[in-house]
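Visitor: Mind looking over this structure? Questions follow.
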Amino acid sequence: MTDTARNQIAIILATGNRDKVRELRPLLEHISPLFRVFALHEIGVNVDIEETETTLEGNALLKARAIFDLLAERFPFMIALADDTGLEVGSLNGAPGVYSARYAPMPEGESPTYKDNVKHLLRSMNGIADRTARFRSVIAMKGSLPSSQSPFLFEKIADGVVHGSITLEPKGDDGFGYDPVFLVDSTGNTYSEMSIAEKNALSHRSLAVQKAIIALKDILAAHGIPSTVTNAPL
Ligand code: ITT
């Protein structure tokens, strides 16, 4: 390990979803030279963490803790950062919500694709006039930071919400998951009609990351760790 690497704190993106990595990395990569961002596949980790909790907060923390525990020896100073996200549709009583990844019914042992889930959502909303919805992300961090005595351990969660509505049919080519059918109130476009930078300028995920970065800044300052943490480049 080089000196630079030794002085750095690894931010490990605790997700198996590479579409999330594509959005999270630019939000975290330039906040401070103190941090180096790694996706799990870049450090040879391939794990499937079962989401057994019933809330976004619970599942985000579960994923951050699992990755932290797995990598604590390898990365003495590290922040495992997980994201759990749900699409909440008012007329469906908040569904698919925490079950957004597993919404469309599938034969035993099979997981739905993004397309299966979108199709199931549009079918479930057939004939429903009230199409209001919101996206909510919860970012959970479990970290170990350098401190004068033993490493300082912390956990923190932060959330971000964006209001919108479900379109009658998919629109746009970019994004992932439910992006083609989620029309953002403030812009009148679906997320799929935005580039990653445009989505990151306003999304549920980037709002949660912004709050997480502010919390992180406070934690570093409280422990006398010099940093030049800036907000994510929106
Ligand atoms: P990890 O748990 O490994 O992070 P996941 O895909 O299972 O990956 P979630 O449980 O948080 O992650 O995501 C639930 C689903 O919600 C996800 O599979 C997508 O279909 C959808 N989703 C999440 N974020 C989204 C976004 O920004 N835009 C559109 N759909 C999104």
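The values are calculated or read from the model by the stated rules, or taken from the named source; none is laboratory data. As the structure is a computational prediction, the values presented were derived from the model and not from experiment. Because the Cβ atoms are built from the backbone with ideal geometry, glycine has one as well, and the counts that use them run over all protein chains shown. With ligands, DNA and RNA removed, areas are computed over all heavy atoms of the protein, side chains included. Shrake-Rupley method; radii C 1.70, N 1.55, O 1.52, S 1.80 Å.
Visitor: For residue 190, list long-range residues whose amide hydrogen, built 1.01 Å from N in the peptide plane, is under 5 Å from its own amide hydrogen.
Guide: Hits under the 5 Å cutoff: 184.
Visitor: Once you charge only the Cβ atoms, +1 for Lys and Arg and -1 for Asp and Glu, what is the size of the charge dipole of the stretch 1-119 about its Cα centre, to the nearest 20 debye?
Guide: 380
Visitor: Can you tell which of 68, 105, 95 lies farthest toward the positive end of the dipole of the chain, using +1 and -1 charges on the Cβ of basic and acidic side chains (Lys, Arg; Asp, Glu)?
Guide: Toward the positive end, the furthest listed residue is 68.
Visitor: A further question on this structure: What whole number of Å gives the distance from the Cα centroid of the stretch 23-93 to the Cα centroid of the stretch 199-234?
Guide: 15
Visitor: Among DSSP beta bridges whose residues both lie in the chain, state the antiparallel percentage, nearest 5.
Guide: Rounded to the nearest five, the antiparallel share is 80 percent.
Visitor: Give the lysines reachable from residue 142 as a straight Cα distance under 27 Å; neighbours fewer than 8 places away on the same chain don't count.
Guide: Output for residue 142: 20, 63, 156, 199, 211, 217.
Visitor: Quick one: compute a quarter of the convex hull surface over the Cα atoms of the chain and quote it in nm².
Guide: One quarter of the hull surface, i.e. the mean projection, equals 13.2 nm².
Visitor: Turning to a different aspect of this structure: Tell me the relative contact order for the chain as a rounded percent, counting alpha carbon contacts under 8 Å between residues six or more apart.
Guide: Dividing the mean separation by the residue count of the chain yields 20 percent.
Visitor: Determine ³J(HN,Hα), in whole Hz, for all residues of the stretch 55-62 in sequence, where each value follows from phi through the Karplus function 6.51 cos²θ - 1.76 cosθ + 1.60 and θ = phi - 60°; x replaces Gly and Pro.
Guide: Once θ is set to phi - 60°, the couplings for the stretch 55-62 become 10, 4, 4, x, 6, 5, 5, 4 Hz.
Visitor: Using modelled amide H (1.01 Å from N, peptide plane; none on Pro or chain starts), what sits under 5 Å from the amide H of residue 36, excluding residues fewer than 5 places away?
Guide: 9, 10, 11
Visitor: Report, in debye and to the nearest 20, how large the dipole of the chain comes out about its Cα centre when Lys and Arg carry +1 and Asp and Glu carry -1 on their Cβ.
Guide: 380
Visitor: So for the chain, taking the charge dipole from beta-carbon charges (+1 Lys/Arg, -1 Asp/Glu), which of 26, 49, 180 sits furthest toward the positive end?
Guide: 26
Visitor: May I pose another question? Filter the GluC sites (Glu not before Pro) in the stretch 4-59 to those in DSSP coil with at most 11 other Cβ atoms within 10 Å of their Cβ, and list the result.
Guide: Answer in residue order: 50.
Visitor: Spelling out what I want: for every residue of the stretch 75-89, take phi, set θ = phi - 60°, compute 6.51 cos²θ - 1.76 cosθ + 1.60 (Karplus), and round to whole Hz; glycine and proline get x.
Guide: Taking θ as phi minus 60°, the curve returns 10, x, 10, 7, 10, 8, 10, 10, 10, 10, 10, x, 9, 10, 9 Hz for the stretch 75-89.
Visitor: Say the dipole of the chain comes from +1 at the beta carbon of Lys and Arg and -1 at that of Asp and Glu; which of 212, 124, 228 then lies farthest toward its positive end?
Guide: 228
Visitor: Also, I was wondering about something else. Size of the dipole of the stretch 68-177 about the Cα centre, Lys and Arg at +1 and Asp and Glu at -1 on the beta carbon, nothing else charged, in debye to 20?
Guide: Charge dipole, the stretch 68-177, about its Cα centre: 200 debye, nearest 20.
Visitor: Shifting gears a bit: Run through all the Cα pairs of the stretch 167-234 and give the fraction in each 10 Å bin from 0, expressed as whole percent.
Guide: Taking all Cα pairs of the stretch 167-234, the binned fractions are 20, 38, 22, 15, 5, 0 percent.
Visitor: Leaving out ligands and nucleic acids, note down the accessible area per residue over the chain with a 1.4 angstrom probe, in whole Å².
Guide: Normalised by residue count, the accessible surface of the chain is 50 Å².
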